Amino acid sequence: MNEYNFAYLDEQTKRMIRRAILKGLAIPGYQVPFASREMPMPYGWGTGGVQVSAATLTPNDTMKVIDQGADDTTNAISIRKFFQKTAHVEVTEVTKEASVIQTRHRIPETDLNEDQILVYQVPIPEPLRFLEPSEPETRKMHALEEYGLMHVKLYEDISRHGAIATSYAYPVKVEGRYVMDPSPIPKFDNPKMEMSAIQLFGAGREQRIYALPPYTKVVSLDFDDFPFEASKADHACELCGADNSYLDEVIVDDQGGRIFVCSDTDFCASRQQEKKGSAS
Amino acid sequence: MSLQPLLDVRGITKMYGRRIGCADINFDLWPGEVMGIVGESGSGKSTLLNCLAGYVDVDDGQVFFDTRNEGMKDTLRMSEPERRMLSRTDWAFVHQHARDGLRMSVSAGGNVGERLMAVGARHYGNIRDEAIDWLERVEIHHSRIDDRPTAFSGGMQQRLQIARNLVTGPRLVFMDEPTGGLDVSVQARLLDLLRSLVREMGLSAIIVTHDLAVVRLLADRLMVMKDGYVVESGLTDQVLDDPQHSYTQLLVSSVLQV
């Protein structure tokens, strides 16, 4: 036997993960514990996301992997190659063509549809962790909906910086019930979480899976006098000219030169293509 | 004046294995009344306080509290959400070590505001105004609102803990050695403060301490505990000036006179 089982994991493990995913979808925002496996990559490289993707993939799927919005970074390439090798699935860089998209720290700019699944890699699934170190206590707080502490964090932000300075992993409330860590996506992406695609979150080291069914209500926490703001750099993309996409700041020389470009490479490339097409 | 006690404690017993934590404790606490519990180390007074506040499971007994909506209710047999709700609205617990009762990594304002946010306050400006008001009431200058408790002295930490607890206007305060570990002049100021707060807000309080001076100043009534049992109880002045039980006599005569 010299072949991997389809998508690396054995069938029993995939069943176990699928059960966790179904439970997560049934209770949006609730962190379902699961027996996370050792994966052939280090923790922090997306072991949770990879396991969720492996349990979700079918041979007919087309997969896209992004890291900070980009298709061509180390993390994205290695995970894409991993599934090419172990599952022989089609891969793509085009958001529209993908049926399963694994992402680290971004939601694609292109709107997703009902036939797609977005899988997030999550480092720390517990939004209350930095304020309450005890796991039994945080579970109790979720169970009893005691979320005052989350606002203490935002209060501290305002008192120290004059505004809510949390700019990524911005806590959200799901369907008016569970407070959830949206993984370290920029808060610019938070409003996009109310979408038509299924969203699955996998935390490998912390052994938690949670999920958002399509069209789930997701509200970013805020204060009445300091409302939530989906902020981004105040520029347009240098390459494609988009002024509505999330931007990366890139240093281009040692003279302090810098440009802002779309972090979503597929979005940016397709816009550049379009421009070229209409020019010629 | 209501004719119903705020707290009605019946037959509280807590065993640690075969050893007695506290046994068969009965008392009433009336609105606006301060009850002192004194005794030597290991006499079961902290155990009793933790039992009353619901931090420790009791082996026997009931604690009835006059809840706002449902009248007298046994808090030990309430559902957990209900009891936790009570403990952040109508109840307050002041720990001996301020560090146990404060979030040391959160600013003073955040510490005071936490209970407000826990019961649904969502307006930053209002929360901050309330926090400033409470810091001033416990004699902490409002310019310190964004400092962390780690930057505060022991006495200030203790006062901050009190502000944090009283901000939701509780009706019953549990205090476990609130002046322990503070030097005497700071103790005196803290006692002054506590006394005026208790009188102003009409608080009921249960104060556990081994310091007879503290109960003399604060408590209306007194219970003396030894080996898990209450050996004597009555009006504070009566118990301290005319102790009946031999242990109370020993306790009173052990106080150093300056």
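The values are calculated or read from the model by the stated rules, or taken from the named source; none is laboratory data. Nothing here was measured: the structure is a model prediction, and the numbers come from that model. Backbone-built Cβ (ideal geometry, glycine too); neighbour counts: all protein chains shown. Keep in mind that these areas ignore ligands, DNA and RNA; they rest on the heavy atoms of the full protein, side chains included. Shrake-Rupley method; radii C 1.70, N 1.55, O 1.52, S 1.80 Å.
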Exercise. Just checking, how many residues over the stretch A:113-151 are away from every other protein chain (no Cβ under 14 Å), open to solvent by less than 30 Å² (accessible area, probe 1.4 Å) and in contact with a Gly (Cβ under 9 Å, 6 or more places away or on another chain)?
Worked result: 5
Problem set entry | Single residue of the stretch A:181-220 satisfying the filter (buried (at least 21 other Cβ atoms within 10 Å of the Cβ) and hydroxyl-bearing (Ser, Thr, Tyr)) that is nearest to A:Pro33 (Cα to Cα) | A:Tyr210
Problem set entry | Pairs where the first residue, in the stretch B:114-137, is within 8 Å of chain A (Cβ to nearest Cβ) and the second is among the basic types (Lys, Arg) and part of a loop (DSSP other than H, G, I, E, B), C-beta under 9 Å, 6+ apart | B:Glu114/B:Arg103
Exercise. For the stretch B:75-113, what are the residues that are more than 9 Å from chain A (Cβ to nearest Cβ) and over 21 Å from B:Leu190 (Cα atoms)?
Worked result: B:Thr75, B:Leu76, B:Arg77, B:Met78, B:Ser79, B:Glu82, B:Arg83, B:Leu86, B:Ser87, B:Thr89, B:Asp90
Exercise. Can you list the helices (runs of 4 or more DSSP H) found entirely within the stretch B:173-258 that contain at least 2 residues being open to solvent by 40 Å² or more (accessible area, probe 1.4 Å), farther than 22 Å from B:Ala92 by Cβ and acidic (Asp, Glu)?
Worked result: B:236-241
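Just to verify a result, which residue in the stretch B:59-100, among those that are assigned to a loop (DSSP other than H, G, I, E, B) and open to solvent by 30 Å² or more (accessible area, probe 1.4 Å), is nearest to B:Ser204 (Cα to Cα)?
So the first thing to find is which residues in the stretch B:59-100 are assigned to a loop (DSSP other than H, G, I, E, B), and the list is B:59, B:68-70, B:78-79, B:90, B:95-97.
Retained after the next criterion (residues that are open to solvent by 30 Å² or more (accessible area, probe 1.4 Å)): B:59, B:68-70, B:79, B:95-97.
On the way: B:Asp59: 26, B:Arg68: 15, B:Asn69: 18, B:Glu70: 19, B:Ser79: 24, B:His95: 16, B:Gln96: 18, B:His97: 21 Å.
Filtering the stretch B:59-100 for residues that are assigned to a loop (DSSP other than H, G, I, E, B) and open to solvent by 30 Å² or more (accessible area, probe 1.4 Å), the one nearest to B:Ser204 (Cα to Cα) comes out as B:Arg68.
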Exercise. With respect to A:Asp225, is the statement that it is over 19 Å from the mean Cα position of the chain (by Cα) and either more than 14 Å from every other protein chain (Cβ to nearest Cβ) or open to solvent by 10 Å² or more (accessible area, probe 1.4 Å) (or both) true?
Worked result: yes
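Please state which one of B:Ile25, B:Ile20 is assigned to a strand (DSSP E or B), of a type in the set (A, V, I, L, M) and under 19 Å from B:Leu172 (Cα atoms).
Just a single option satisfies the conditions, and that option is B:Ile25.
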For this session: Return the pairs, sorted by first residue and then second, in which the second residue is open to solvent by 90 Å² or more (accessible area, probe 1.4 Å) and in a helix (DSSP H, G or I), the first residue lies in the stretch B:177-202 and is over 25 Å from B:Gly39 (Cβ atoms), the beta carbons are less than 7 Å apart, and the residues are 6+ apart or on different chains.
Result: none
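Just to be sure I understand, how many residues within the stretch A:205-248 are in a strand (DSSP E or B), without any contact (Cβ under 8 Å) to a residue 60 or more places away in the chain and of a type in the set (Gly, Ala, Ser)?
1
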